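The values are calculated or read from the model by the stated rules, or taken from the named source; none is laboratory data. This is a predicted model, so every value here is computed, not measured. Positions of Cβ are generated from backbone atoms using ideal geometry, with glycine treated the same way; all protein chains shown enter the neighbour counts. Ligands, DNA and RNA are stripped out before the accessible areas are found, and what is left, the full protein with its side chains, is counted by its heavy atoms. Shrake-Rupley method; radii C 1.70, N 1.55, O 1.52, S 1.80 Å.
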Amino acid sequence: SARARAEGVCELEMIRVKKDGSHFPVLTTVTAINDPSGKTTGFVEIIRDITLRKKLERELRETKEYLENIMESSVDGILTTDLKGVITYQNRAMEEMLQYSRDEVLGAHISILYKRGMQQAREVMDLLRREERAKNFEMEVLAKDGRTLIILTSLFLLRNEENSLIGTAGIFKDITEQKLLEDRLKAAQAGLVEASKMRAL
């Protein structure tokens, strides 16, 4: 009532008790009633039961935490951006892969991670706008220490409930070692073919 007297009106959440003794959350709005001289002579209180709203908020929070736990547990890197290419989320695996902490990349442009910078960022966005998603897309990225990593990624556009575009997401797998082994295997096979030719001669 002191706040309502000072501000004229105040709104706050509180817990009320029903006749049966059970508790329920409410949003209460208290408005001061003033006489012509400005002196507060009483109050009007409007109470709204917000049990359903609180339940939905809790379910939304639990769902968000559940999804974040899944993303944080992924062995593959996960990254999201807004439509301008600004990084909005990076999971733990991506942090370990590129050695950039979240604080270093959140709010930065995705092009800082691409080997070919802004040009590659534009190419990726053009591809997504055409195709909506791209699976098993190979690209080169830069780790914080300057190493070039070969990444196999699946990229897709993010949409909200109204189906409007809100950003992009990518799932990244480091295949640098795999590509190195493949190159060594190809070189060894080429060497065997050459050796067979020499023997035949």
Exercise. Out of Ser37, Ser73, Ser154, any idea which swings most in a Gaussian network model of the chain, alpha carbons joined below 10 Å?
Worked result: Ser37
Problem set entry | Of Leu60, Leu185, Leu158, the one that fluctuates the most in a GNM where the chain has Cα springs shorter than 10 Å | Leu185
Exercise. Hey, can you rank 111-117, 11-17 by average C-beta count inside 10 Å, highest first?
Worked result: 111-117, 11-17
Seminar exercise, completed: Taking R0 as 30 Å and r as the Cβ-Cβ distance between Asp103 and Leu56, the FRET efficiency 1/(1 + (r/R0)^6), rounded to the nearest 0.05, comes to 0.40
Exercise. Where in the stretch 54-85 does the amide nitrogen come within less than 18 Å of the point 7 Å from the Cα of Arg92, taken along Cα to Cβ?
Worked result: 64-80
For this session: In nm, give the distance between the simple-model label positions of Glu140 and Ala188, each being 7 Å from the Cα along the Cα-to-Cβ direction.
Result: 2.5 nm
Problem set entry | Spin-label model distance (nm) - Ser22 vs Ile175, 7 Å beyond Cα toward Cβ | 5.7 nm
For this session: Run the 1.4 Å probe and let me know the accessible area of Glu177, rounded to the nearest 10 Å².
Result: 120 Å²
Exercise. Among Lys19/Lys64; Lys144/Lys179; Lys84/Lys144; Lys115/Lys173; Lys18/Lys39, which pairs are too far apart, with a Cα-Cα distance over 24 Å?
Worked result: Lys19/Lys64; Lys18/Lys39
Exercise. How far, in degrees from 0 to 90, does helix 176-200 lean away from the longest principal axis of the Cα atoms of the chain, to the nearest 10?
Worked result: 10 degrees
Exercise. What's the angle, to the nearest 10 degrees (0 to 90), between helix 51-73's Cα axis and the longest principal axis of the chain?
Worked result: 20 degrees
Exercise. Which listed residue (Leu98, Thr29, Met14) has the Cα farthest towards the positive end of the charge dipole for the stretch 12-122, taking +1 on Lys and Arg C-beta and -1 on Asp and Glu C-beta about the Cα centre?
Worked result: Thr29
Exercise. Expressed as a rounded percentage, what relative contact order does the chain have, with Cα pairs under 8 Å and six or more residues apart?
Worked result: 13 percent
Exercise. Using a 1.4 Å probe, how large is the accessible area of Thr40, given in Å² and rounded to the nearest 10?
Worked result: 30 Å²
Problem set entry | Cα-based helix-to-principal-axis angle, 117-131 vs the chain, degrees rounded to 10 | 80 degrees
Exercise. By the scheme Lys and Arg +1, Asp and Glu -1, what is the net charge of all other residues having a beta-carbon under 15 Å from that of Asp82?
Worked result: +3
